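The values are calculated or read from the model by the stated rules, or taken from the named source; none is laboratory data. Owing to the predicted nature of the structure, the values given are computational and were not obtained by experimental measurement. Glycine gets a Cβ as well: all are built from the backbone with ideal geometry, and neighbour counts include every protein chain shown.
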């Protein structure tokens with residue numbers, strides 16, 4: 001919508017109004033228009049409150065530009081003093097008192113921010129943990145959120161008090177009102193500062209230092225003796241590279257451990273039964289007793305991997321991404337530093353061998369994709385429902401200058417959806433745009449809105465045609481399913497709040513998350529499964545859907561779909577595991593033959609050119625499986641990219657971990673044998 005990134009139109013209006021209020025305040029202070037100043041100040045408080053609630057991202061961006069809530073508060077305080085200096089209602093003594101109180105208020109606010117920063121830094125443990133028993137560490141509670149959070153809203157209360165006092169003074173001609181209001185604001189600020197002091201003292205005296213935390217973590221490691229570690233370092237928006245492996249590692253029969261290096265990753269990590277350590281410092285990581293770990297798994301190639309790669313008693317494995325073909329350019333030369341590279345299938349093996357970056361064929365292990373074992377596989381070729389479902393899931397914005405995009409979900413995406421909605425034979429469309437859609441490209445954002453409008457219009461037409469034919473009991477059941485879905489949504493949110501504990505900081509979570517609660521994790525998994533069942537049951541089968549957000553999940557959409565239309569991405573490789581037909585949009589300027597030659601996954605795909613040409617030919621196999629000429633090709637490409645169906649990928653993954661752990665044990669035994677002192681060595685040395 002605008003360069004500020006404000007998505008809500010109401011937020012844009014509030015921001016424009018806030019800017020206007022600040023300008024009006026400045027003009028009123030310079031001209032002495034006290035009534036205008038009070039009105040603009042009160043209106044500005046309302047705009048601030050609305051923006052804090054509706055556009056927290058904008059508030060954060062203004063803070064990075066040094067125009068945050070504190071700066072705006074200071075500007076308005078200065079303008080208030082300027083106005084009081086031009087008026088005669090206060091007099092010299094009243095003006096001096098007001099200036100003193102404003103200075104005290106600003107100083108108190110600065111001291112409050114400094115105390116919060118000190119407490120937060122002191123409470124940042126050398127090693128943070130989840131699902132690890134560190135209760136012996138004497139960790140105190142954090143300050144209440146009402147003392148540390150919402151600084152912008154708290155300053156609004158101070159400002160509102162001053163404005164109300166100013167208004168009363170202007171109406172009565174008595175300066176004591178504004179002085180009393182400023183006294184009340186400064187006193188409230190002083191109370192919050194004083195209330196924070198005990199928490200700072202506790203943080204300094206009681207919170208354990210790095211040596212004590214490391215000793216306690218080492219004691220747990222020696223007792224638990226994890227054999228496998230899943231290690232990750234990277235930004236928060238890449239956390240999916242880690243989370244996709246949490247399930248397979250949690251399924252291992254032997255003890256495992258997760259190590260992350262960034263504190264923000266610990267916050268983003270979804271609930272898991274695995275023990276998790278966050279070790280930001282390389283020096284602290286080197287002091288941990290990881291001698292019992294035999295296999296280290298790395299989902300990403302990052303520079304900080306070297307901090308664990310230095311440990312010789314581990315066998316180090318790079319978990320190569322699935323990929324969409326056999327191009328050597330997809331291989332990182334850094335991969336040769338690992339003992340083994342694990343790939344999904346033959347395509348990954350060939351890709352690494354042909355890249356010639358130093359990864360030997362004997363060090364490549366095919367494990368499949370354990371994350372896809374639960375997908376529903378189509379073995380009949382017939383749609384599961386009377387009305388076939390097409391999932392359109394573009395993953396690219398088509399931003400200017402980005403090579404290889406087909407402009408989705410821009411003009412090409414709009415043409416695809418329009419062609420699906422105008423199909424000669426009825427079908428259902430699930431439109432699931434990639435979460436970042438439109439963040440970089442205003443054109444893609446506008447196209448997304450046009451697609452949503454097309455789908456809503458088509459649903460209105462279908463609803464008018466289908467309601468009279470729908471049995472009353474079916475409608476009643478769907479209404480009940482919708483009610484159940486709403487109830488499950490609330491229960492999931494409540495349970496997620498219990499698991500994540502927004503009221504606790506990192507230190508408290510390290511203290512309190514002594515062990516995973518299997519009952520809560522099982523309940524959360526069951527509630528999400530029930531939610532998906534209720535969601536699909538609550539939606540009339542003839543209505544199209546626009547799916548935005550985390551739920552329903554992409555894999556749940558795969559189970560519903562009979563055909564996927566997308567662009568070249570790992571998502572298409574995941575859908576290939578279902579053996580259902582899929583179509584790819586051909587990037588602009590690239591012929592179909594060359595597109596298939598460059599990308600293995602395209603060799604079993606139906607291709608869509610510009611303007612969604614050949615859409616009707618693509619849809620025919622949905623209604624007549626005999627026309628699905630690429631079914632055999634999908635079986636072949638699936639095995640080439642993802643490996644054989646049997647044994648299951650999770651079994652191959654487990655076997656690979658066990659085999660490598662045994663190799664690690666052999667390496668450690670040989671090392672101990674070579675480093676053990678030879679009997680009589682000291683006597684012969686003395687003779688020499």
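Overview of values
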item	result
Output for segment 188-224, where each listed residue is touching a residue at least 60 places away in the same chain (Cβ under 8 Å) and exposed (fewer than 13 other Cβ atoms within 10 Å of the Cβ)	197, 204, 206, 209, 222
The one condition in (1) buried (at least 16 other Cβ atoms within 10 Å of the Cβ); (2) assigned to a helix (DSSP H, G or I); (3) modelled with pLDDT of 80 or more; (4) out of contact with any helix residue (DSSP H, G or I) (no Cβ under 6 Å at 6 or more places or on another chain) that residue 185 fails to fulfil	(4)
Residue within segment 551-558 that is out of contact with any helix residue (DSSP H, G or I) (no Cβ under 9 Å at 6 or more places or on another chain), in a helix (DSSP H, G or I) and not assigned by TED's automatic domain parsing to the domain that holds residue 345 present	yes
Criterion violated by residue 391 - all others in (1) assigned to a loop (DSSP other than H, G, I, E, B); (2) at pLDDT 80 or above; (3) closer than 30 Å to residue 615 by Cβ satisfied	(1)
Test: residue 561 is within 27 Å of residue 346 (Cβ to Cβ) and either buried (at least 17 other Cβ atoms within 10 Å of the Cβ) or out of contact with any helix residue (DSSP H, G or I) (no Cβ under 9 Å at 6 or more places or on another chain) (or both)	yes
All positions within segment 567-598 that are in a loop (DSSP other than H, G, I, E, B) and in contact with a strand residue (DSSP E or B) (Cβ under 8 Å, 6 or more places away or on another chain)	567, 568, 580, 581, 586
Search result, residues across segment 312-338 that are farther than 20 Å from residue 370 by Cβ, modelled with pLDDT of 85 or more and not in a helix (DSSP H, G or I)	312, 313, 314
Residue in segment 261-271 that is within 24 Å of residue 498 (Cα to Cα), free of Cβ contacts under 8 Å to residues at least 60 places away in the same chain and in a loop (DSSP other than H, G, I, E, B) present	yes
Which listed residue is out of contact with any helix residue (DSSP H, G or I) (no Cβ under 9 Å at 6 or more places or on another chain) and either surrounded by fewer than 20 Cβ atoms within 10 Å (Cβ to Cβ) or at pLDDT 90 or above (or both), from 240, 289	240
Unique residue being within 20 Å of residue 507 (Cα to Cα) and in a helix (DSSP H, G or I) when the list is 194, 213	213
Residue among 627, 584, 619 that is in the same structural domain as residue 433 (by TED's automatic domain parsing) and touching a residue at least 40 places away in the same chain (Cβ under 8 Å)	619
Residues located in segment 510-529, provided they are surrounded by 16 or more Cβ atoms within 10 Å (Cβ to Cβ) and not in a loop (DSSP other than H, G, I, E, B)	510, 511, 521, 523, 524, 527, 528
Residue check for residue 230: surrounded by 15 or more Cβ atoms within 10 Å (Cβ to Cβ) and either under 14 Å from the mean Cα position of the chain (by Cα) or over 27 Å from residue 367 (Cβ atoms) (or both)	no
Selection count, segment 608-618, where residues are more than 32 Å from the chain's Cα centre (by Cα) and either modelled with pLDDT of 80 or more or not in a helix (DSSP H, G or I) (or both)	4
Test: residue in segment 164-174 that is in a helix (DSSP H, G or I), over 27 Å from the mean Cα position of the chain (by Cα), without any contact (Cβ under 8 Å) to a residue 40 or more places away in the chain and farther than 19 Å from residue 29 by Cα	yes
Total residues in segment 643-655, condition crowded, with 18+ Cβ neighbours inside 10 Å and outside any loop (DSSP other than H, G, I, E, B)	5
